[in-house]
Amino acid sequence: MSTLLVILQAPAEAPILRLAKGALEAEATRRGLSLIIKVDASADPVAVWKSSGESVNAVLLAGTKAPAQPVSAEVPVIATDLARVSRETGHVLDQLFPANAPARPASASSPVVSTEAAASKFLVGVTSCPTGIAHTFMAAESLLRGAKAMGYTMKVETRGSVGAKNELTEEEIAKADAVIVAADANVETARFAGKRLLETGTKAAINDAPGLIKEALALEPSSTQTGGLKTPPKAARTGVYKHLMTGVSNMLPLVTAGGLMIALAFAVGGIYAGDNEWTFGWALMQIGGASAFALFIPVLAGFIAFSIADRPGLAPGLIGGMLASQIGAGFLGGLAAGFFAGYLTRWLNRKINLPDTLQGLKPVLILPLLSSLIVGLGMIYVIGPPVKFILDGLSAWLNNMQEGSALVLGLLLGGMMAFDMGGPVNKSAYTFSVGLLASQIYVPMAAVMAAGMVPPLACALAANLFRNKFTADERQASKATAILGISFITEGAIPYAAADPFRVIPCTVLGSAVTGAISMVLGCKLMVPHGGVFVLAIPNAITQGMGYVAAILIGTLVSVGALYFAKRPLKQAVPVAA
(Lines give C-alpha, C1' and ligand atoms only; values in the text may rest on other atoms or scores of the structure.)
Protein backbone atom coordinates (compact mmCIF):
# COMPACT_ATOMS: atom_id res chain seq x y z
CA MET A 1 0.00 0.00 0.00
CA SER A 2 1.38 3.43 -0.96
CA THR A 3 1.72 6.06 1.75
CA LEU A 4 1.00 9.76 1.28
CA LEU A 5 2.19 12.37 3.77
CA VAL A 6 -0.04 15.47 3.79
CA ILE A 7 1.15 18.62 5.56
CA LEU A 8 -1.53 21.31 5.86
CA GLN A 9 -0.67 24.85 6.93
CA ALA A 10 -3.87 26.50 8.18
CA PRO A 11 -5.73 27.26 11.42
CA ALA A 12 -7.39 24.11 12.76
CA GLU A 13 -10.83 25.79 12.77
CA ALA A 14 -10.62 27.00 9.15
CA PRO A 15 -13.55 25.63 7.07
CA ILE A 16 -11.34 25.14 4.01
CA LEU A 17 -9.04 22.91 6.08
CA ARG A 18 -11.92 20.65 7.09
CA LEU A 19 -13.10 20.45 3.50
CA ALA A 20 -9.64 19.53 2.22
CA LYS A 21 -9.09 16.89 4.93
CA GLY A 22 -12.46 15.29 4.28
CA ALA A 23 -11.90 15.20 0.52
CA LEU A 24 -8.42 13.70 0.92
CA GLU A 25 -9.59 11.02 3.36
CA ALA A 26 -12.44 10.00 1.06
CA GLU A 27 -10.26 9.86 -2.04
CA ALA A 28 -7.46 7.99 -0.22
CA THR A 29 -9.94 5.37 0.99
CA ARG A 30 -11.26 4.90 -2.53
CA ARG A 31 -7.74 4.44 -3.93
CA GLY A 32 -6.46 2.27 -1.08
CA LEU A 33 -3.81 4.77 0.03
CA SER A 34 -2.38 5.08 3.52
CA LEU A 35 -2.74 8.70 4.59
CA ILE A 36 -0.68 10.60 7.18
CA ILE A 37 -2.02 14.12 7.81
CA LYS A 38 -0.15 16.74 9.83
CA VAL A 39 -1.67 20.19 10.52
CA ASP A 40 0.43 23.14 11.66
CA ALA A 41 -0.75 26.73 11.22
CA SER A 42 2.61 28.39 11.80
CA ALA A 43 5.53 26.08 10.92
CA ASP A 44 7.00 25.85 7.44
CA PRO A 45 5.59 22.72 5.72
CA VAL A 46 9.04 21.67 4.46
CA ALA A 47 10.46 21.90 7.97
CA VAL A 48 7.58 19.77 9.28
CA TRP A 49 8.25 17.15 6.60
CA LYS A 50 12.00 17.03 7.25
CA SER A 51 11.49 16.59 10.97
CA SER A 52 8.74 13.96 10.65
CA GLY A 53 10.99 10.99 9.85
CA GLU A 54 8.10 9.30 8.05
CA SER A 55 8.81 6.77 5.29
CA VAL A 56 6.41 7.71 2.51
CA ASN A 57 5.87 7.37 -1.24
CA ALA A 58 4.73 10.96 -1.92
CA VAL A 59 4.23 14.30 -0.16
CA LEU A 60 1.48 16.90 -0.49
CA LEU A 61 2.10 20.40 0.91
CA ALA A 62 -0.92 22.72 1.07
CA GLY A 63 -1.89 25.98 2.74
CA THR A 64 -4.35 28.83 2.37
CA LYS A 65 -1.81 30.04 -0.19
CA ALA A 66 0.41 27.63 -2.08
CA PRO A 67 3.64 27.05 -0.09
CA ALA A 68 6.96 27.53 -1.83
CA GLN A 69 8.15 24.47 -3.76
CA PRO A 70 11.18 22.73 -2.26
CA VAL A 71 14.24 22.56 -4.43
CA SER A 72 15.08 18.87 -4.62
CA ALA A 73 13.24 15.64 -3.94
CA GLU A 74 13.54 11.88 -3.82
CA VAL A 75 9.78 11.37 -3.91
CA PRO A 76 7.07 13.23 -5.84
CA VAL A 77 5.97 16.41 -4.07
CA ILE A 78 3.21 18.87 -4.92
CA ALA A 79 2.85 22.28 -3.27
CA THR A 80 -0.56 23.81 -3.83
CA ASP A 81 -3.38 25.64 -2.06
CA LEU A 82 -6.18 24.14 0.04
CA ALA A 83 -8.89 25.40 -2.32
CA ARG A 84 -7.44 23.31 -5.15
CA VAL A 85 -7.04 20.27 -2.88
CA SER A 86 -10.70 20.41 -1.87
CA ARG A 87 -11.95 21.05 -5.45
CA GLU A 88 -9.63 18.81 -7.46
CA THR A 89 -8.64 16.10 -5.03
CA GLY A 90 -8.63 13.35 -7.65
CA HIS A 91 -6.52 15.38 -10.07
CA VAL A 92 -3.95 16.20 -7.37
CA LEU A 93 -3.61 12.55 -6.38
CA ASP A 94 -3.43 11.51 -10.03
CA GLN A 95 -0.30 13.65 -10.32
CA LEU A 96 1.26 12.02 -7.28
CA PHE A 97 0.11 8.48 -8.09
CA PRO A 98 -0.48 8.18 -11.87
CA ALA A 99 -2.95 5.46 -12.85
CA ASN A 100 -1.37 2.03 -13.47
CA ALA A 101 2.06 3.21 -12.31
CA PRO A 102 4.10 0.70 -10.24
CA ALA A 103 4.28 1.35 -6.51
CA ARG A 104 7.20 3.60 -5.65
CA PRO A 105 9.73 2.45 -3.07
CA ALA A 106 9.32 4.23 0.24
CA SER A 107 11.89 6.88 1.03
CA ALA A 108 12.84 8.26 4.39
CA SER A 109 12.62 11.95 5.08
CA SER A 110 14.94 14.13 3.04
CA PRO A 111 15.03 17.64 1.70
CA VAL A 112 12.14 17.80 -0.65
CA VAL A 113 10.60 18.97 -3.58
CA SER A 114 9.42 18.73 -6.36
CA THR A 115 8.20 18.12 -9.60
CA GLU A 116 4.65 17.35 -10.34
CA ALA A 117 4.63 13.69 -11.08
CA ALA A 118 2.51 13.76 -14.15
CA ALA A 119 2.39 16.94 -16.18
CA SER A 120 -1.15 17.91 -17.03
CA LYS A 121 -0.15 19.27 -20.49
CA PHE A 122 -2.88 21.89 -20.20
CA LEU A 123 -2.60 25.64 -20.82
CA VAL A 124 -4.99 28.56 -20.56
CA GLY A 125 -4.87 32.01 -22.11
CA VAL A 126 -6.70 35.30 -22.54
CA THR A 127 -6.58 37.51 -25.63
CA SER A 128 -7.88 41.05 -26.01
CA CYS A 129 -7.33 44.02 -28.31
CA PRO A 130 -8.72 47.57 -28.21
CA THR A 131 -11.51 47.05 -30.74
CA GLY A 132 -12.01 43.37 -29.93
CA ILE A 133 -12.59 42.42 -33.55
CA ALA A 134 -9.52 41.01 -35.29
CA HIS A 135 -6.32 40.76 -33.23
CA THR A 136 -8.22 39.18 -30.32
CA PHE A 137 -9.26 36.15 -32.36
CA MET A 138 -6.13 35.93 -34.51
CA ALA A 139 -4.00 35.73 -31.35
CA ALA A 140 -6.31 33.08 -29.85
CA GLU A 141 -6.17 30.97 -33.00
CA SER A 142 -2.38 31.23 -33.15
CA LEU A 143 -2.01 30.17 -29.49
CA LEU A 144 -4.30 27.19 -30.02
CA ARG A 145 -2.31 26.09 -33.07
CA GLY A 146 1.00 26.52 -31.23
CA ALA A 147 -0.19 24.56 -28.20
CA LYS A 148 -1.48 21.72 -30.35
CA ALA A 149 1.82 21.51 -32.23
CA MET A 150 3.64 21.18 -28.89
CA GLY A 151 1.34 18.46 -27.60
CA TYR A 152 -0.65 20.65 -25.21
CA THR A 153 -4.37 21.12 -24.81
CA MET A 154 -5.25 24.80 -24.45
CA LYS A 155 -8.31 26.89 -23.74
CA VAL A 156 -8.27 30.58 -24.67
CA GLU A 157 -10.72 33.16 -23.35
CA THR A 158 -11.36 35.90 -25.91
CA ARG A 159 -12.38 39.35 -24.69
CA GLY A 160 -13.79 40.80 -27.88
CA SER A 161 -16.19 43.54 -28.84
CA VAL A 162 -19.19 41.59 -27.53
CA GLY A 163 -17.62 40.63 -24.20
CA ALA A 164 -15.83 37.56 -22.92
CA LYS A 165 -16.27 34.28 -24.80
CA ASN A 166 -15.04 30.82 -23.85
CA GLU A 167 -14.55 32.02 -20.26
CA LEU A 168 -12.06 30.19 -18.06
CA THR A 169 -13.34 28.45 -14.94
CA GLU A 170 -11.53 28.29 -11.60
CA GLU A 171 -10.96 24.56 -12.14
CA GLU A 172 -9.35 25.12 -15.55
CA ILE A 173 -7.08 27.85 -14.19
CA ALA A 174 -6.10 25.65 -11.24
CA LYS A 175 -5.02 22.71 -13.38
CA ALA A 176 -3.19 24.78 -16.02
CA ASP A 177 0.59 24.44 -16.32
CA ALA A 178 0.86 28.08 -17.41
CA VAL A 179 -1.21 31.12 -18.33
CA ILE A 180 -0.60 33.40 -21.33
CA VAL A 181 -2.33 36.77 -21.45
CA ALA A 182 -1.91 38.30 -24.92
CA ALA A 183 -3.63 41.65 -24.66
CA ASP A 184 -3.30 45.21 -25.94
CA ALA A 185 -5.95 46.45 -23.49
CA ASN A 186 -6.20 46.10 -19.73
CA VAL A 187 -6.98 42.54 -18.51
CA GLU A 188 -7.46 41.66 -14.83
CA THR A 189 -4.92 39.00 -13.79
CA ALA A 190 -5.61 38.55 -10.06
CA ARG A 191 -7.41 35.25 -10.72
CA PHE A 192 -4.13 33.75 -12.00
CA ALA A 193 -2.30 34.16 -8.66
CA GLY A 194 0.08 31.28 -8.04
CA LYS A 195 0.38 30.29 -11.71
CA ARG A 196 3.13 30.71 -14.27
CA LEU A 197 1.83 33.89 -15.90
CA LEU A 198 3.23 35.51 -19.04
CA GLU A 199 1.78 38.82 -20.20
CA THR A 200 2.45 40.06 -23.71
CA GLY A 201 0.70 41.70 -26.67
CA THR A 202 -1.45 40.15 -29.38
CA LYS A 203 1.21 40.74 -32.03
CA ALA A 204 3.69 38.49 -30.23
CA ALA A 205 1.05 35.76 -29.91
CA ILE A 206 0.20 35.98 -33.61
CA ASN A 207 3.84 35.85 -34.71
CA ASP A 208 5.40 33.33 -32.31
CA ALA A 209 2.93 31.35 -30.22
CA PRO A 210 5.27 28.35 -29.63
CA GLY A 211 7.99 30.68 -28.38
CA LEU A 212 5.58 32.32 -25.92
CA ILE A 213 4.40 28.93 -24.65
CA LYS A 214 7.99 27.82 -24.00
CA GLU A 215 8.70 31.11 -22.25
CA ALA A 216 5.59 30.79 -20.07
CA LEU A 217 6.44 27.22 -19.07
CA ALA A 218 9.94 28.34 -18.06
CA LEU A 219 8.63 30.92 -15.57
CA GLU A 220 8.50 30.20 -11.85
CA PRO A 221 5.01 29.99 -10.35
CA SER A 222 4.22 32.94 -8.10
CA SER A 223 2.64 32.58 -4.68
CA THR A 224 1.58 36.25 -4.60
CA GLN A 225 -1.60 37.90 -5.75
CA THR A 226 0.13 39.60 -8.65
CA GLY A 227 1.25 36.47 -10.46
CA GLY A 228 4.55 35.86 -12.20
CA LEU A 229 4.66 38.98 -14.30
CA LYS A 230 8.12 38.63 -15.78
CA THR A 231 7.77 39.36 -19.47
CA PRO A 232 7.52 41.79 -21.08
CA PRO A 233 8.82 44.54 -18.80
CA LYS A 234 6.27 46.61 -16.92
CA ALA A 235 6.95 49.70 -19.01
CA ALA A 236 5.98 47.81 -22.18
CA ARG A 237 2.91 46.30 -20.58
CA THR A 238 1.46 49.45 -19.16
CA GLY A 239 2.68 52.17 -21.50
CA VAL A 240 0.76 55.15 -22.83
CA TYR A 241 -0.44 53.25 -25.91
CA LYS A 242 -2.06 50.49 -23.87
CA HIS A 243 -3.79 52.96 -21.54
CA LEU A 244 -5.08 54.91 -24.55
CA MET A 245 -6.38 51.77 -26.23
CA THR A 246 -8.19 50.70 -23.05
CA GLY A 247 -10.05 54.02 -23.12
CA VAL A 248 -10.78 53.78 -26.85
CA SER A 249 -12.11 50.21 -26.65
CA ASN A 250 -14.60 51.18 -23.93
CA MET A 251 -15.58 54.37 -25.74
CA LEU A 252 -16.28 52.85 -29.17
CA PRO A 253 -19.72 51.31 -28.42
CA LEU A 254 -21.01 54.73 -27.35
CA VAL A 255 -19.65 56.40 -30.49
CA THR A 256 -21.09 53.71 -32.74
CA ALA A 257 -24.53 53.74 -31.13
CA GLY A 258 -24.62 57.53 -30.94
CA GLY A 259 -23.52 58.03 -34.54
CA LEU A 260 -26.11 55.60 -35.89
CA MET A 261 -28.86 57.24 -33.82
CA ILE A 262 -27.93 60.66 -35.19
CA ALA A 263 -27.92 59.32 -38.76
CA LEU A 264 -31.35 57.73 -38.25
CA ALA A 265 -32.64 60.97 -36.71
CA PHE A 266 -31.62 62.87 -39.85
CA ALA A 267 -33.25 60.18 -42.00
CA VAL A 268 -36.52 60.41 -40.08
CA GLY A 269 -36.74 64.12 -39.29
CA GLY A 270 -34.39 65.83 -41.71
CA ILE A 271 -31.48 68.10 -40.92
CA TYR A 272 -33.46 69.88 -38.17
CA ALA A 273 -34.64 66.69 -36.47
CA GLY A 274 -33.36 67.85 -33.09
CA ASP A 275 -35.39 71.06 -33.09
CA ASN A 276 -38.91 69.59 -33.08
CA GLU A 277 -39.47 68.39 -29.52
CA TRP A 278 -41.18 65.06 -28.79
CA THR A 279 -41.04 63.89 -32.39
CA PHE A 280 -39.41 60.53 -33.18
CA GLY A 281 -36.45 62.25 -34.85
CA TRP A 282 -35.98 64.47 -31.78
CA ALA A 283 -36.05 61.38 -29.52
CA LEU A 284 -33.37 59.67 -31.61
CA MET A 285 -31.24 62.83 -31.44
CA GLN A 286 -31.60 62.88 -27.65
CA ILE A 287 -30.46 59.27 -27.43
CA GLY A 288 -27.58 59.64 -29.85
CA GLY A 289 -26.33 63.21 -29.61
CA ALA A 290 -27.44 64.38 -26.17
CA SER A 291 -26.71 61.11 -24.35
CA ALA A 292 -24.35 58.68 -26.10
CA PHE A 293 -22.07 61.38 -27.55
CA ALA A 294 -22.15 63.30 -24.26
CA LEU A 295 -20.81 60.22 -22.47
CA PHE A 296 -18.05 59.11 -24.77
CA ILE A 297 -15.41 61.66 -23.69
CA PRO A 298 -15.97 60.96 -19.95
CA VAL A 299 -15.81 57.21 -20.65
CA LEU A 300 -12.61 57.65 -22.68
CA ALA A 301 -10.98 59.60 -19.85
CA GLY A 302 -12.36 57.34 -17.14
CA PHE A 303 -11.02 54.12 -18.60
CA ILE A 304 -7.64 55.62 -19.46
CA ALA A 305 -7.35 56.49 -15.76
CA PHE A 306 -8.68 53.05 -14.80
CA SER A 307 -5.99 51.38 -16.90
CA ILE A 308 -3.28 53.41 -15.14
CA ALA A 309 -4.51 53.42 -11.52
CA ASP A 310 -7.11 50.63 -11.43
CA ARG A 311 -10.51 51.33 -9.84
CA PRO A 312 -9.44 54.37 -7.76
CA GLY A 313 -8.65 56.17 -11.04
CA LEU A 314 -12.11 55.69 -12.54
CA ALA A 315 -13.98 58.43 -10.63
CA PRO A 316 -11.49 61.28 -11.21
CA GLY A 317 -11.11 60.18 -14.84
CA LEU A 318 -14.86 60.29 -15.46
CA ILE A 319 -15.17 63.66 -13.72
CA GLY A 320 -12.22 65.12 -15.63
CA GLY A 321 -13.66 63.84 -18.93
CA MET A 322 -17.08 65.34 -18.18
CA LEU A 323 -15.48 68.70 -17.38
CA ALA A 324 -13.48 68.53 -20.62
CA SER A 325 -16.73 68.00 -22.51
CA GLN A 326 -18.55 70.80 -20.69
CA ILE A 327 -15.85 73.45 -21.15
CA GLY A 328 -15.41 72.59 -24.84
CA ALA A 329 -11.98 70.93 -24.61
CA GLY A 330 -13.35 67.93 -26.53
CA PHE A 331 -11.52 64.67 -26.96
CA LEU A 332 -8.10 66.31 -26.52
CA GLY A 333 -9.22 67.49 -23.10
CA GLY A 334 -10.56 64.01 -22.39
CA LEU A 335 -7.19 62.49 -23.19
CA ALA A 336 -5.43 65.00 -20.95
CA ALA A 337 -7.92 64.43 -18.13
CA GLY A 338 -7.59 60.62 -18.35
CA PHE A 339 -3.80 60.56 -18.16
CA PHE A 340 -3.68 63.29 -15.51
CA ALA A 341 -6.24 61.52 -13.33
CA GLY A 342 -4.61 58.11 -13.75
CA TYR A 343 -1.03 59.08 -12.95
CA LEU A 344 -2.09 61.43 -10.16
CA THR A 345 -4.21 58.76 -8.46
CA ARG A 346 -1.48 56.17 -8.79
CA TRP A 347 1.04 58.59 -7.26
CA LEU A 348 -1.31 59.44 -4.36
CA ASN A 349 -1.96 55.75 -3.75
CA ARG A 350 1.76 55.11 -3.38
CA LYS A 351 2.51 58.17 -1.25
CA ILE A 352 -0.40 58.07 1.21
CA ASN A 353 0.37 55.59 3.98
CA LEU A 354 -2.32 54.80 6.54
CA PRO A 355 -2.53 52.41 9.48
CA ASP A 356 -3.95 48.99 8.60
CA THR A 357 -7.20 49.86 10.40
CA LEU A 358 -7.77 52.82 8.03
CA GLN A 359 -6.60 51.26 4.76
CA GLY A 360 -10.20 50.59 3.72
CA LEU A 361 -10.88 54.33 3.56
CA LYS A 362 -8.23 54.99 0.93
CA PRO A 363 -9.92 53.53 -2.20
CA VAL A 364 -13.48 54.64 -1.34
CA LEU A 365 -12.95 58.04 0.30
CA ILE A 366 -9.46 59.52 0.37
CA LEU A 367 -8.23 58.78 -3.18
CA PRO A 368 -11.49 59.66 -5.00
CA LEU A 369 -11.88 62.87 -2.99
CA LEU A 370 -8.34 64.18 -3.39
CA SER A 371 -7.83 63.09 -6.99
CA SER A 372 -11.25 64.33 -8.16
CA LEU A 373 -10.66 67.71 -6.48
CA ILE A 374 -7.19 68.17 -8.00
CA VAL A 375 -8.22 66.91 -11.45
CA GLY A 376 -11.38 69.03 -11.46
CA LEU A 377 -9.59 72.25 -10.52
CA GLY A 378 -6.80 71.47 -12.96
CA MET A 379 -9.23 70.95 -15.83
CA ILE A 380 -11.17 74.15 -15.09
CA TYR A 381 -8.28 76.53 -14.46
CA VAL A 382 -5.10 75.03 -15.96
CA ILE A 383 -5.56 72.30 -18.58
CA GLY A 384 -8.99 73.01 -20.03
CA PRO A 385 -8.62 76.55 -21.44
CA PRO A 386 -5.45 76.00 -23.53
CA VAL A 387 -6.69 72.62 -24.76
CA LYS A 388 -9.98 74.24 -25.80
CA PHE A 389 -8.02 76.90 -27.68
CA ILE A 390 -6.04 74.21 -29.54
CA LEU A 391 -9.17 72.17 -30.36
CA ASP A 392 -11.03 75.26 -31.60
CA GLY A 393 -8.12 76.08 -33.90
CA LEU A 394 -7.95 72.50 -35.19
CA SER A 395 -11.70 72.41 -35.77
CA ALA A 396 -11.65 75.72 -37.65
CA TRP A 397 -8.80 74.50 -39.86
CA LEU A 398 -10.51 71.19 -40.62
CA ASN A 399 -13.85 72.85 -41.39
CA ASN A 400 -12.32 75.47 -43.68
CA MET A 401 -9.38 73.71 -45.26
CA GLN A 402 -8.81 74.05 -48.99
CA GLU A 403 -8.41 71.15 -51.40
CA GLY A 404 -4.64 71.13 -51.03
CA SER A 405 -4.82 70.77 -47.26
CA ALA A 406 -7.51 68.10 -47.53
CA LEU A 407 -5.38 66.19 -50.02
CA VAL A 408 -2.33 66.21 -47.72
CA LEU A 409 -4.32 65.22 -44.62
CA GLY A 410 -6.07 62.45 -46.55
CA LEU A 411 -2.76 61.08 -47.82
CA LEU A 412 -1.35 61.11 -44.28
CA LEU A 413 -4.35 59.51 -42.54
CA GLY A 414 -4.82 56.94 -45.30
CA GLY A 415 -1.18 55.91 -45.30
CA MET A 416 -1.17 55.59 -41.50
CA MET A 417 -4.13 53.19 -41.64
CA ALA A 418 -2.17 50.72 -43.80
CA PHE A 419 1.29 51.22 -42.30
CA ASP A 420 0.98 48.70 -39.47
CA MET A 421 -2.57 47.37 -40.01
CA GLY A 422 -4.06 47.66 -36.54
CA GLY A 423 -0.87 48.68 -34.74
CA PRO A 424 -0.06 51.94 -32.94
CA VAL A 425 0.21 54.07 -36.11
CA ASN A 426 -3.10 52.75 -37.44
CA LYS A 427 -4.81 53.28 -34.09
CA SER A 428 -3.42 56.80 -33.78
CA ALA A 429 -5.09 57.86 -37.04
CA TYR A 430 -8.28 56.06 -36.06
CA THR A 431 -8.43 57.57 -32.56
CA PHE A 432 -7.80 61.07 -33.95
CA SER A 433 -10.73 60.71 -36.35
CA VAL A 434 -13.10 59.16 -33.80
CA GLY A 435 -12.33 61.95 -31.34
CA LEU A 436 -13.30 64.59 -33.88
CA LEU A 437 -16.82 63.12 -34.09
CA ALA A 438 -17.54 64.80 -30.73
CA SER A 439 -16.84 68.15 -32.41
CA GLN A 440 -19.16 67.25 -35.30
CA ILE A 441 -16.24 66.91 -37.73
CA TYR A 442 -16.99 63.82 -39.83
CA VAL A 443 -14.71 64.08 -42.89
CA PRO A 444 -11.56 62.48 -41.38
CA MET A 445 -13.60 59.53 -40.10
CA ALA A 446 -14.78 58.76 -43.61
CA ALA A 447 -11.24 58.92 -45.01
CA VAL A 448 -9.86 56.67 -42.29
CA MET A 449 -12.50 53.96 -42.67
CA ALA A 450 -12.25 53.94 -46.47
CA ALA A 451 -8.45 53.70 -46.32
CA GLY A 452 -8.62 50.93 -43.73
CA MET A 453 -10.62 48.73 -46.10
CA VAL A 454 -8.05 48.92 -48.91
CA PRO A 455 -5.23 46.57 -47.67
CA PRO A 456 -7.32 43.42 -47.23
CA LEU A 457 -9.37 44.10 -50.38
CA ALA A 458 -6.22 44.67 -52.45
CA CYS A 459 -4.48 41.54 -51.11
CA ALA A 460 -7.56 39.40 -51.73
CA LEU A 461 -8.00 40.67 -55.30
CA ALA A 462 -4.30 40.40 -56.14
CA ALA A 463 -4.15 36.82 -54.82
CA ASN A 464 -6.82 35.84 -57.33
CA LEU A 465 -5.55 37.88 -60.28
CA PHE A 466 -1.85 37.03 -59.95
CA ARG A 467 -2.06 33.45 -58.77
CA ASN A 468 1.58 32.64 -59.54
CA LYS A 469 2.71 35.29 -57.02
CA PHE A 470 0.76 33.97 -54.03
CA THR A 471 0.80 30.63 -52.23
CA ALA A 472 -2.11 28.20 -52.27
CA ASP A 473 -2.90 29.11 -48.66
CA GLU A 474 -2.97 32.82 -49.48
CA ARG A 475 -5.27 32.22 -52.44
CA GLN A 476 -7.53 30.04 -50.33
CA ALA A 477 -7.73 32.69 -47.60
CA SER A 478 -8.56 35.48 -50.06
CA LYS A 479 -12.34 35.07 -49.76
CA ALA A 480 -12.25 35.51 -45.99
CA THR A 481 -9.80 38.40 -46.40
CA ALA A 482 -12.18 40.18 -48.78
CA ILE A 483 -15.03 39.86 -46.25
CA LEU A 484 -12.78 41.30 -43.56
CA GLY A 485 -11.92 44.14 -45.94
CA ILE A 486 -15.49 45.24 -46.65
CA SER A 487 -16.12 45.02 -42.88
CA PHE A 488 -13.30 47.53 -42.16
CA ILE A 489 -11.02 45.00 -40.49
CA THR A 490 -7.62 46.08 -41.78
CA GLU A 491 -5.94 43.23 -39.89
CA GLY A 492 -7.20 40.81 -42.55
CA ALA A 493 -4.15 41.76 -44.63
CA ILE A 494 -1.64 40.90 -41.88
CA PRO A 495 -0.88 37.33 -43.13
CA TYR A 496 0.04 38.71 -46.57
CA ALA A 497 2.13 41.52 -45.08
CA ALA A 498 3.88 39.17 -42.66
CA ALA A 499 4.85 36.83 -45.50
CA ASP A 500 6.37 39.59 -47.68
CA PRO A 501 6.46 42.86 -45.67
CA PHE A 502 8.88 44.86 -47.82
CA ARG A 503 6.68 44.52 -50.90
CA VAL A 504 3.15 44.26 -49.52
CA ILE A 505 3.22 47.09 -46.96
CA PRO A 506 4.45 49.87 -49.30
CA CYS A 507 1.89 48.79 -51.93
CA THR A 508 -1.02 48.87 -49.47
CA VAL A 509 0.14 52.17 -47.96
CA LEU A 510 0.12 53.69 -51.46
CA GLY A 511 -3.44 52.56 -52.21
CA SER A 512 -4.76 53.57 -48.78
CA ALA A 513 -3.18 57.02 -49.07
CA VAL A 514 -4.87 57.51 -52.46
CA THR A 515 -8.24 56.44 -51.02
CA GLY A 516 -7.88 58.75 -48.01
CA ALA A 517 -6.96 61.69 -50.21
CA ILE A 518 -9.90 61.18 -52.61
CA SER A 519 -12.37 60.84 -49.72
CA MET A 520 -11.09 64.03 -48.07
CA VAL A 521 -11.11 66.07 -51.31
CA LEU A 522 -14.66 64.93 -52.09
CA GLY A 523 -15.75 65.93 -48.57
CA CYS A 524 -17.29 62.56 -47.70
CA LYS A 525 -18.66 62.57 -44.15
CA LEU A 526 -19.14 59.49 -41.96
CA MET A 527 -21.29 59.64 -38.83
CA VAL A 528 -20.15 56.32 -37.29
CA PRO A 529 -16.69 54.94 -36.46
CA HIS A 530 -17.09 51.41 -37.83
CA GLY A 531 -19.16 49.17 -40.06
CA GLY A 532 -17.36 49.09 -43.40
CA VAL A 533 -19.46 49.19 -46.55
CA PHE A 534 -22.51 48.10 -44.58
CA VAL A 535 -23.04 51.66 -43.31
CA LEU A 536 -24.06 52.55 -46.87
CA ALA A 537 -27.37 50.85 -46.16
CA ILE A 538 -28.12 53.26 -43.29
CA PRO A 539 -29.72 56.52 -44.44
CA ASN A 540 -27.46 59.56 -43.95
CA ALA A 541 -24.70 57.57 -42.22
CA ILE A 542 -22.39 58.54 -45.08
CA THR A 543 -22.54 61.48 -47.47
CA GLN A 544 -21.28 61.42 -51.08
CA GLY A 545 -21.92 57.65 -51.14
CA MET A 546 -20.97 57.07 -54.79
CA GLY A 547 -17.78 59.10 -54.45
CA TYR A 548 -16.96 57.18 -51.26
CA VAL A 549 -17.28 53.80 -53.01
CA ALA A 550 -15.23 55.14 -55.93
CA ALA A 551 -12.44 56.21 -53.53
CA ILE A 552 -12.28 52.69 -52.07
CA LEU A 553 -12.24 51.04 -55.50
CA ILE A 554 -9.58 53.37 -56.91
CA GLY A 555 -7.29 52.90 -53.91
CA THR A 556 -7.75 49.13 -54.09
CA LEU A 557 -6.83 49.08 -57.78
CA VAL A 558 -3.76 51.24 -57.12
CA SER A 559 -2.55 48.75 -54.50
CA VAL A 560 -3.31 45.79 -56.76
CA GLY A 561 -1.32 47.38 -59.58
CA ALA A 562 1.58 48.08 -57.24
CA LEU A 563 1.50 44.48 -56.01
CA TYR A 564 1.67 43.24 -59.61
CA PHE A 565 4.95 45.06 -60.17
CA ALA A 566 6.41 44.50 -56.69
CA LYS A 567 5.62 40.84 -56.06
CA ARG A 568 7.86 38.19 -57.59
CA PRO A 569 6.47 34.94 -59.06
CA LEU A 570 6.89 32.01 -56.68
CA LYS A 571 9.62 29.55 -57.53
CA GLN A 572 8.22 26.32 -58.91
CA ALA A 573 9.49 23.06 -57.52
CA VAL A 574 11.84 21.41 -60.04
CA PRO A 575 11.15 17.68 -60.46
CA VAL A 576 14.13 15.46 -59.76
CA ALA A 577 15.09 13.14 -62.60
CA ALA A 578 14.85 9.47 -61.80
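Pairs from the list Lys121/Lys203; Lys21/Lys362; Lys388/Lys525 with a Cα-Cα gap above 29 Å: Lys21/Lys362. The value of relative contact order for region 405-491, using C-alpha pairs under 8 Å at least six residues apart, is 30 percent. Note on region 424-518: with charges restricted to the Cβ of Lys and Arg (+1) and Asp and Glu (-1), its dipole about the Cα centre is near 140 debye.
Which one, Gln476, Met379, Val85, is farthest towards the positive end of the dipole of the chain when Lys and Arg carry +1 and Asp and Glu -1 on their Cβ? Of the candidates, Gln476 comes out farthest on the positive side.
Under 5 Å between amide hydrogens, built in the peptide plane, is the criterion, and for Lys195 it picks out Ser222, Gly228 among residues at least 5 positions away or on other chains. Of the listed residues Lys571, Lys21, the order by accessible area with a 1.4 Å probe, largest first, is Lys571, Lys21. Straight-distance candidates among the lysines for linking to Lys469, with alpha-carbon spacing under 21 Å and chain neighbours fewer than 8 residues away dropped: Lys479, Lys567, Lys571.
Which order do you get for Leu212, Leu553, Leu570 if you rank them by accessible area with a 1.4 Å probe, largest at the top?
Result of the area sort, largest leading: Leu553, Leu570, Leu212.
Within the chain, helices built from complete DSSP H runs that reach 20 Å or longer along their own axis (Cα positions) and carry a mean Kyte-Doolittle hydropathy of -0.5 or higher are 15-31, 135-149, 240-269, 293-309, 330-351, 384-400, 403-419, 443-465, 472-486, 501-522, 545-566. Between Asp356 and Ile390, the modelled labels are 4.6 nm apart [label points 7 Å from Cα along Cα→Cβ].
Normalised by the number of residues in the chain, the average gap of Cα pairs under 8 Å and 6 or more apart makes the relative contact order 9 percent. Between Phe488 and Val533, the built amide H atoms are under 5 Å apart, and every one of these is 5 or more places off in sequence or on another chain. When the alpha-carbon atoms of region 410-454 are used, the pair Rg, Dmax equals 9.5, 28 angstrom.
Under 5 Å between amide H atoms, partner at least 5 residues away or on a different chain: which partners does Phe97 have, H built in plane at 1.01 Å? The list, which skips near neighbours in sequence, is empty: none. Take the Cα of Arg30, step 7 Å toward its Cβ, do the same at Thr169, and the gap between the two points is 1.6 nm. Computed log10 I(q)/I(0) for region 371-491 at 0.11, 0.19, 0.21, 0.23 Å⁻¹: -0.53, -1.01, -1.11, -1.20, from the Debye equation with unit scatterers placed on every C-alpha and solvent omitted. Summed over qualifying helices (DSSP H, 4 residues or more, each -39500 (n - 2.57)) and divided by its residue number, the chain shows a 222 nm mean residue ellipticity of -17500 deg cm²/dmol. Whole-Hz Karplus values for region 167-178 come out as 4, 7, 8, 4, 5, 5, 5, 5, 8, 6, 6, 7 Hz, taken residue by residue from phi with 6.51 cos²θ - 1.76 cosθ + 1.60 and θ = phi - 60°; glycine and proline positions read x. Among beta bridges from DSSP that stay inside the chain, the antiparallel ones total about 15%. Diffusion of the chain by Stokes-Einstein, at 20 °C in a medium of 1.002 mPa s and with Rh set to the Kirkwood radius over alpha-carbon pairs, works out to 79 µm²/s. Over all projection directions, the Cα-based convex hull of region 296-336 averages an area of 2.2 nm². The largest accessible area among Phe565, Phe296 belongs to the first residue in Phe565, Phe296, and the rest follow in falling order (1.4 Å probe, all chains).
The values are calculated or read from the model by the stated rules, or taken from the named source; none is laboratory data. On a predicted model such as this, the values are computed, not experimentally measured, just so you know. Backbone-built Cβ (ideal geometry, glycine too); neighbour counts: all protein chains shown. Note: accessible area is taken over every heavy atom of the protein model, side chains too, but ligands, DNA and RNA are not part of it. Shrake-Rupley method; radii C 1.70, N 1.55, O 1.52, S 1.80 Å.
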